[in-house]
């Protein structure tokens with residue numbers, strides 16, 4: 001005869017063993033990171049349309065989410081979804097991973113000291129794209145998603161045409177026109193303006209335009225340049241697309257060389273006195289920082305035009321003229337010559353005169 005207590009114990013043992021089996025054979029969940037030891041959220045995600053592609057860039061985080069230094073950052077995952085450009089929230093499904101950027105082997109990503117940039121060329125016109133970024137550390141733990149950057153991608157505008165320019169003292173003047181076949185005009189809602197790019201090398205331009213703001217006019221003066229140095233320029237049309245901007249291809253390239261065309265002020269207080277062997281002249285100048293030298297001009301009382309009497313510019317502020325004749329009246333004037341390659345010469349000073357008495 002079976003004892004009821006023994007049967008109950010056996011049933012309990014079998015159930016407990018069954019539960020242990022279920023627990024032991026189940027799939028383990030992902031390990032939880034130590035509290036706070038995940039990279040902080042990526043900030044300043046931005047997009048810029050350049051040459052038919054989107055440049056997605058963001059700042060590299062330096063801290064963990066608890067404020068401690070981030071010393072084991074391993075990479076980023078860029079998430080992308082697309083849909084109709086008519087709805088900024090479409091599609092509604094989660095963001096799929098678009099690319100995994102391993103900092104040790106970043107592939108097509110451009111890694112700089114403070115930023116990451118990825119060039120996305122897989123785009124279609126009149127379509128909405130949305131991007132998010134998440135950082136991860138060497139233990140495989142992920143930080144929070146960044147805020148989404150949204151782009152209603154459109155075909156890039158046409159490049160400006162007719163770019164031309166001229167140069168002056170430490171400045172370059174540019175002008176151009178919107179392309180005659182452009183699908184936008186200066187009053188279009190999505191027209192932002194123009195970006196001016198400058199370089200010291202042909203075809204090699206920085207990613208940042210000369211001016212921080214979009215140029216609305218079809219002309220621009222670039223100041224603060226170095227004289228006698230080549231500068232290359234190109235211009236791009238810029239339109240707005242959602243949260244970002246799209247640039248056209250570059251315009252034709254031009255090269256300009258600023259030159260100093262402004263002469264110095266004439267010297268002041270030119271004075272002439274008799275010396276033992278002729279005449280001695282001296283003068284003053286307010287600012288000699290840009291002065292290369294001086295030219296001294298002389299004429300006789302019977303002459304209308306003065307002639308330069310020094311072969312090369314005079315370096316100091318005095319000069320001895322020994323080539324004079326007794327009883328003649330001589331008239332003197334002086335000019336200043338600057339340090340530019342053009343050797344710009346000032347207007348002449350007021351004339352002074354003296355009669356030679358030997």
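Every number in this text was worked out from the coordinates using simple rules, so none of it is lab data. No experiment lies behind these values; they were computed from the predicted model shown. Cβ: placed from backbone, ideal geometry, glycine included. Neighbour counts: every protein chain shown.
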**Q.** Theoretical gain in end-to-end length, residue 108 to residue 219 [0.36 nm per residue, Cα-Cα removed]
**A.** 36.4 nm
Q: Averaging sequence separations of C-alpha pairs under 8 Å and six or more residues apart, then dividing by the length of the range 268-355, give the relative contact order as a whole percent.
A: 33
Q) For residue 274 and residue 347, what is the calculated FRET efficiency with R₀ set at 30 Å and r taken between the beta-carbons, to the nearest 0.05? A) 0.65
**Q.** Förster radius 41 Å - calculated FRET efficiency between residue 320 and residue 166 (Cβ-Cβ, nearest 0.05)
**A.** 0.40
Q. Under a point spin-label approximation (7 Å from Cα along Cα-to-Cβ), what is the residue 150-residue 63 distance to one decimal in nm?
A. 2.9
**Q.** the chain, relative contact order [Cα under 8 Å, separation at least 6], %
**A.** 13
Q | Packing-based ranking, highest mean first, of 104-113, 270-279 given that Cβ atoms within 10 Å are counted | A | 270-279, 104-113
Q. What nm distance separates the two modelled labels at residue 201 and residue 46, each placed 7 Å from Cα along Cα→Cβ?
A. 2.4
Q | Ratio of Rg to Rh over the range 161-256 (Cα coordinates, Kirkwood Rh, two decimals) | A | 0.97
**Q.** Cα gyration tensor shape for the chain, rounded if a/c is under 1.5, else prolate or oblate
**A.** prolate
**Q.** Within a Gaussian network of the chain (alpha carbon springs, distance under 10 Å), most fluctuating of 80, 268, 63
**A.** 268
Q: Considering Cα pairs under 8 angstrom that are at least six residues apart, work out the relative contact order of the range 161-256 and quote it in whole percent.
A: 34
Q) Full extension from residue 210 to residue 139: what is 0.36 nm times the residue separation minus their Cα-Cα distance, to one decimal in nm? A) 21.3 nm
Q.
Using a Förster radius of 35 Å, what is the FRET efficiency between residue 300 and residue 228 based on their Cβ-Cβ separation? Nearest 0.05, please.
A. 0.35
Q) For the range 46-153, what is the per residue volume of the convex hull drawn over the alpha-carbon atoms, in cubic angstrom? A) 103
Q: Once you have the Cα-Cα distance between residue 72 and residue 183, take 0.36 nm times their residue separation minus that, and quote the gain in nm to one decimal.
A: 35.1 nm
Q: Mind grabbing the base-10 log of I(q)/I(0) for the range 268-355 at q = 0.10, 0.13, 0.18, 0.21 Å⁻¹? Debye formula, identical points on the C-alpha positions, no solvent, two decimal places.
A: -0.24, -0.40, -0.75, -1.00
